Amino acid sequence: MEQFKGQPRLPKFIVPERYLINLKPDLNSCKFSGAVAVDLNVVSETRFIVLNAANLSVNTASISFTPGSFTQSLQSRGNITWSILLAGQIIWSIATTISNLLIWLIRGNSEESRSSGVLKPSKVEIFEEDEILVLEFSETLPVGHGVLAIEFEGVLNDKMKGFYRSTYEHNGEKKNMAVTQFEPADARQCFPCWDEPACKATFKITLDVPSDLVALSNMPVIEEKFRGQIKTLSYQESPIMSTYLVAFVIGMLDYVEDHTSDGVKVRVYCQVGKKDQGKFALHVAVKTLDLFKEYFDRPYPLPKLDMVAIPDFAFGAMENYGLVTYRETALLYDDQNSAAANKQRVATVVAHELAHQWFGNLVTMEWWTDLWLNEGFATWVSYLANDSLFPEWKVWTQFLDESIEGLRLDGLEGSHPIEVEIQHASQIQEIFDAISYKKGASVIRMLQSYIGAECFQSSLALYIKKHAFSNAKTEDLWAALEEGSGEPVNRLMSSWTKQTGYPVVSIKVKDQKLEIQQSRFLYSGSHGEGRWIVPITLCCSSYDNQINFLLESKTGALDMNDFGLAEAATGWIKLNVNQTGFFRVKYDEGLAVRLRHAIENKYLTAPDRFGILDDTFALCMASQESLSSLLTLMKSYSEELDFTVLSNLITVSYKVERIVASAVPELLNTLQLFFITPLQNAAETLGWQPKDGESHLDAMLRGEILTALAVFGDDQTLNEASRRFEEFLKDRNTPLLPPDLRKAAYVAVMQRTSAANRSGYESLLRIYRESDLSQEKTRVLSSLTSCPDPMIVLEALDFSLTSEVRTQDVALVLNVSKEGRETAWKWLKDNWEHISNTWGSGYLITRFISSIVSPFSSIEDAEDIEDFFASRTKPSMARTLKQSIERVRINANWVQSVQTEDQLVDTLNNLTYYH
Ligand code: BES
Ligand code: ZN
């Protein structure tokens, strides 16, 4: 048995084909019992059955070779072998005799097992660390079919993974709900199984549940039997699928229903009393299913789709086949109290999870190394869907928010390649990160724009067709796209998925030539290794004047005359047109000046304005550009009104503010003035009160700008906010504080709150307690720690550990004001044991580290953090910790280079003087 310990993958001598699962959850005692019968195929002889199980106790286990299937399989083997060698009746009867003899030998010589066809294991052991269950038999199991039966018991845990309990209130009474979250590797906590994505099987489920509750699974109910307080629900057998996609939800639920154009029944389930809030997601789901059917050239594969809002949920949502589960904030939309940003979040998450029904569920990654295929693709295609449903949202510009998060993480030495080696189940969780999702989505976008939308779609449809109900690897996708496009997709894309990092492409004008060079971009400023095949797009003076080519070597040069780039001598040149490529660009000083003019004169698209800003910011952080040049560039955006560009401008302002506060605090006031002035202008244009029929993006923009002005302490904003907030306290339906303004108002209120003047804090807590809308609670939680008084920050952090805040929501308070940074770090150390016990087994623990640690900016801080975690790190957080400490060191370098920048004071004075 020992030989199975410490192995990353299960041995493959037995393959599951069909699971019959019966579960009996007890929602009061939070325990469950279950039985599973697995049809197996023994592919090579063995005395062991090795499968996954965790936190389960196994009561009985046995394997049976039903006379039908077992004899049949042996007979057919005998049949083929013997009939090839010899022919005739006599020989056949000899073969049958031998078969029967073999059956006897294999079934063991005990009288009991011989007659029943059942073998009991001689030894049953669970290796908790490896999460495997090993059954050892005293005889060799024969090649062929058998049925493994196991009875077991487990606990409905409170860790939001496996089979867990979530709680809600009904008529003032606290109730439990039983829910599953199996991805990546926790189906094994609910029933023993071959818990790997490539071990696909069909699932036939029955649940014994209290008669008055709703119980959902992947497939529709086909039979319902009532026995007093308990009912037994049998579900239709599923198509072949991976274990991580199996799901159950049992609770008191209400729903709204609609159907797609080809009759798939779609429902949104939620707590009783909230069903109207499900209507928007329902609408998006029905439209999106129709759209994906066309895009993938294949209908939705199941007879129904249920989407359920779960009150306690670790992630945003989970794409279980036919039964998608969501955090409430990602599914429910309340006309009166949800903001435009909440609406967009719902649409994005729904589209993402529904994309998985094809890409992930129907065609599944072979192993977690290819997780990015699932997540990167679903992320990309969710934008495609939303762009089609809501063109006015301009989601492809907003997509750049995804890209830059990928670029931020991948600019660290501690990043990892998209295709990442996974040795142990505990490492899987940490790779659900910005590399898999956001870099993944971005490189898919880059490829799609390189080979063209139509060709991309048709090749993709072929890929889905070829691998449906099966598994695929990254190479399989490239092969389909290569075949469809005739382009070297595999070679091109491997340079992006197998290497860590991405290039910065430098461009300069010299002697009628454009000289281009690529090298790995690293925030640390060091020069990394690597060479990418970069699809370069370049516009010169006009978007009609574009050239495209692949940059394969480290350097290249374009003769401006050859390429008809006459304007290049004087006009603007923009590389990475509309930011469809996953790389950064560094322009020489002359080109940078021309781009600034182009921005000021509004010649460039929003994505290009966004890209120029973000690249310059990154280069500045890496000490490759001066802060002066970044600030000079920022000045060109003084009339910016695009939501995505302005939001990034604000984010950059916050980061610069923090660095300057550490590096040259005496410049802080002037700097804040520099940031505030253009925001004030924008705020004046938009006004506080929403205009009738105004756009979704303007509604979001107003909230962003007012929030930023509040954070920067703009008095006029703080006054107006508090006036409106007072009205809101008196009347929650006041038109003075519609949902899109609330975050700004809450943040403003917290700016004037202190230990001596706590009323704002108390009022916000009251709103939190009174509201039963998760988005409202989220808004409050994420505002509390923006307070500049560390005492209040501490109080809010402590509040987040009380039973009033669900463990799923704690991350919302972790982004604290710059004044509260030290306090938050001390709080983290003081509460580490509790935090580690409560969140340590999930992915939320990484949020504590990245949010609280990363903003620090000195070498001493980095060392202090390293010391603290030296004895406290765990495998599930090791990667995040390393990355966060690297960020602290990068900040420290940045502070140093800002301190030694001579022209900074003059530049800033000049910039503010001309306001
Ligand atoms: N498959 C994931 C959920 C998941 C994440 C399971 C991590 C296990 C570990 C799901 O499809 C997903 O990606 N959810 C996202 C939302 C999405 C819109 C990016 C999430 O939960 O944040
Ligand atoms: Zn996903």
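The values are calculated or read from the model by the stated rules, or taken from the named source; none is laboratory data. Because the structure is predicted, anything quoted here is derived from the model rather than measured. We place every Cβ from the backbone using ideal geometry, glycine too, and count neighbours over all the protein chains shown. Remember, those area values only see protein heavy atoms, side chains included, never the ligands or the DNA or RNA. Shrake-Rupley method; radii C 1.70, N 1.55, O 1.52, S 1.80 Å.
Between Arg531 and Glu139, residue separation times 0.36 nm minus the direct Cα-Cα distance comes to 135.5 nm. Quick one: net charge of Phe203's neighbours, Cβ under 14 Å, K/R +1, D/E -1? Net charge around Phe203: -1.
Listed by chain and number, the aspartates and glutamates whose C-alpha is less than 14 Å from the C-alpha of Lys554, apart from same-chain residues fewer than 8 away, are Glu515, Glu529.
In the frame of its principal axes, region 136-274 has Cα extents of 58, 39, 33 Å, reported largest first. Based on protein heavy atoms only, region 359-497 ends up with 31 Å² per residue of surface accessible to a 1.4 Å probe. For a test of the definition: using alpha carbon positions, the gyration tensor, and the 1.5 limit on a/c, classify region 563-691 as rounded, prolate or oblate. Oblate shape, in that a/c is at least 1.5 and b/c is the bigger or equal ratio.
Rounded to the nearest 10 square angstrom, Glu128 shows an accessible area of 100 square angstrom against a 1.4 Å probe.
Taking a ≥ b ≥ c as the square roots of the eigenvalues of the alpha-carbon gyration tensor, region 502-624 is classed oblate because a/c is 1.5 or more while a/b is no larger than b/c.
In a fully extended conformation the segment linking Gln680 and Thr570 would gain 36.2 nm over its present Cα-Cα distance, using 0.36 nm per residue. Maximal additional length on extending the Glu294-Thr873 stretch stands at 203.7 nm, based on 0.36 nm per residue less the C-alpha distance.
Remark: spin-label model distance Glu392-Tyr654 equals 2.8 nm, labels positioned 7 Å along the Cα→Cβ axis. Assuming R0 = 45 Å, can you tell me the calculated FRET efficiency for the pair Ser553 and Gln7, based on Cβ-Cβ distance, to the nearest 0.05? The pair Ser553/Gln7 has a calculated efficiency of 0.60. Just so you know, the averaged projected area of the alpha carbon convex hull for the chain sits at 42.2 nm².
May I ask you to list the residues of region 643-671 whose amide nitrogen lies under 13 Å from a point 7 Å from Cα along the Cα→beta-carbon direction of Ser754? No residues fall inside that zone.
Loop only per DSSP, at most 13 neighbouring Cβ atoms within 10 Å: give me the trypsin sites (Lys or Arg not before Pro) in region 430-499, ordered by residue number. Sparse-neighbourhood loop trypsin sites (Lys or Arg not before Pro): Lys498. What the Cα convex hull of region 626-752 gives, in volume per residue, is 97 Å³.
Only protein atoms count toward the accessible area here, which uses a 1.4 Å probe; on the chain, the carbon and sulfur part of that area reaches 49 percent. Give, as ranges by residue number, the residues of region 1-31 whose backbone N falls under 20 Å from the point 7 Å along Cα→Cβ of Lys174. Zone members listed by number: 26-31. When the Kirkwood radius is taken over all Cα pairs of region 273-417, what Stokes-Einstein diffusion coefficient follows at 37 °C and 0.692 mPa s, in µm²/s? Estimated via Stokes-Einstein, D reaches 205 µm²/s.
Each principal axis of the Cα cloud of region 765-848 was evaluated for its coordinate range; sorted largest first, these ranges are 31, 30, 17 Å.
Per DSSP helix of 4 or more residues, -39500 (n - 2.57); summed, then divided by the residues of the chain. What does that give at 222 nm, rounded to the nearest 500? Write out the running numbers ahead of the final one.
Details: 29 runs with 388 residues, N = 915.
The per-residue figure over the chain is -13500 deg cm²/dmol.
Most tightly packed first, judged by the mean number of other beta-carbon atoms within 10 Å of their residues, the peptides 670-680, 612-622, 222-232 read 612-622, 670-680, 222-232. Charged side chains reduced to their Cβ positions (Lys and Arg at +1, Asp and Glu at -1) give the chain a dipole of some 1440 debye around its Cα centre. As a calculated quantity, the FRET efficiency between Phe563 and Leu462 at R0 = 56 Å, using C-beta atoms, amounts to about 0.95.
What is the calculated FRET efficiency for Gln716 to Thr167, with r their C-beta to C-beta distance and R₀ = 45 Å, to the nearest 0.05? Taking R0 as 45 Å, the efficiency between Gln716 and Thr167 is 0.55. In terms of its alpha-carbon gyration tensor, region 691-775 comes out oblate; a/c meets the 1.5 threshold, while b/c is at least as large as a/b.
Taking only complete DSSP H runs, can you tell me which helices of the chain stretch 18 Å or more along their own long axis by Cα positions and average at least 1.0 on the Kyte-Doolittle scale? Helix filter hits for the chain: 89-106. With the simple model of a label 7 Å out from the Cα in the direction of the Cβ, Glu860 to Arg766 spans 4.3 nm.
Other residues whose C-beta falls under 13 angstrom from the C-beta of Ser871 contribute a net charge of 0, scoring Lys and Arg +1 and Asp and Glu -1.
With 28 Å as the limit on Cα-Cα distance, the pairs of Lys231/Lys265; Lys574/Lys743; Lys204/Lys465; Lys24/Lys343; Lys159/Lys777 that go past it are Lys574/Lys743; Lys24/Lys343.
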